[in-house]
Amino acid sequence: MAHIYIAFVDTPGIFAALIRKFLKQRYIHVVISGDAMLDDAYSVGRRNPAIPLRAGFEKEDKGKILSAFPMAAYRICELDCTLEQKQKIMGKLHNDYGKRFHIHYAVCSLPFIVMGIPFYLKNQYTCSSYIAKLLQENGIAVSKKHFSIVTPKDFFECREMKMVFEGFLSEMTADRLNRVPESVSVYE
């Protein structure tokens, strides 16, 4: 059995506040990683944490996030998968990172998400729609919805996820050497 990790993020900002109000939950951004410490983590979101208007597919940089949002709250959950699924997922993430400037944030799809109407433009995703599509393509379903209307709330409500950390990013990085979540294999 292998694992992938889904991190739920709460960061400040006007856009984030609007999403929080709509979803009625604290965590409004979703990140996918091959490890619980988010060293190899990706999302469709801000290219620079301090600039919300430039968004697309990016590798998460904990240092930049800590600089921009020292009080960013995280919940990291583990999702079971096969080793083959994990390898395919991580391969796709690494491949997409190589063409990251061709993958954009799907601003046009936001009204369709609110109405619950599937809508997809090539290479345009929200943080949750990208991850939902990637998981669905690899036989892992977190929701029965079309990937284009999956929200962070759908991930949050997925019963197959097991929480391995909840707290501030600063706590996670400060405790890095002292605390590895119990359910994480150091050999993975």
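Every number here is computed from the coordinates shown, using simple stated rules; none is lab data. What you are looking at is a predicted structure, and each value in this text was computed from that prediction instead of being measured. Every residue, glycine as well, gets a Cβ built from its backbone with ideal geometry; the counts of neighbours run over all protein chains shown.
Of K122/K145; K24/K86; K59/K122; K24/K64; K24/K92; K59/K92, which sit over 22 Å apart, Cα to Cα? Result: K24/K86; K24/K64; K24/K92 exceed 22 Å. Spin-label model, R47 to T173: label points 7 Å out along the Cα-to-beta-carbon direction sit 2.2 nm apart.
If only the Cβ of Lys and Arg carry +1 and only the Cβ of Asp and Glu carry -1, the dipole of segment 2-174 around its Cα centre is close to 640 debye.
Considering the values (1) 1.13; (2) 1.28; (3) 0.96, which represents Cα Rg over 2.2 N^0.38 Å as calculated for the structure under consideration? Working out Cα Rg over 2.2 N^0.38 Å from the coordinates points to (3). Here the Karplus relation 6.51 cos²θ - 1.76 cosθ + 1.60, evaluated at θ = phi - 60°, turns the backbone of segment 102-115 into coupling constants of 9, 10, 10, 6, 8, 4, 4, 7, 4, x, 5, 4, 4, 7 Hz, with x for every Gly and Pro. Sparse packing (at most 13 other Cβ atoms within 10 Å of the Cβ) combined with a DSSP loop state is found for the following GluC sites (Glu not before Pro) in segment 146-177: E157, E160. Under 10 Å, Cα contacts only: if you run a Gaussian network model on the chain, which one of F155, F119, F165 comes out with the highest mean-square fluctuation? So, out of F155, F119, F165, the one fluctuating most is F119.
Beta bridges assigned by DSSP with both partners in the chain are antiparallel in approximately 95 percent of cases. Highest mean packing first, where packing is the average number of other Cβ atoms within 10 Å per residue, the peptides 125-137, 95-107 line up as 125-137, 95-107. Near A41, the amide H atoms lying under 5 Å from its own belong to E60; only residues 5 or more places off or on other chains count, and H is placed 1.01 Å from N.
Estimated at 0.36 nm per residue, the fully extended path between K59 and D40 surpasses their Cα-Cα distance by 6.1 nm. GNM remark for the chain: springs join alpha carbons under 10 Å apart, and the peak mean-square fluctuation among I14, I76, I149 falls on I14.
What the Cβ-Cβ distance of K88 and M1 gives, at R0 = 25 Å and to the nearest 0.05, is a FRET efficiency of 0.95. If you run the Gaussian network model on the chain, springs between alpha carbon atoms under 10 Å, then out of I28, I117, I89 the most flexible one is I117. With each label modelled as a point 7 angstrom along the Cα→C-beta vector, the F101-V114 pair spans 3.3 nm.
Over the Cα atoms of segment 1-76, the radius of gyration divided by the Kirkwood radius equals 0.95; this is the Rg/Rh ratio.
Listed by Cβ neighbour count within 10 Å, with the fewest neighbours leading, R54, R46, R159, R20 appear as R159, R54, R20, R46.
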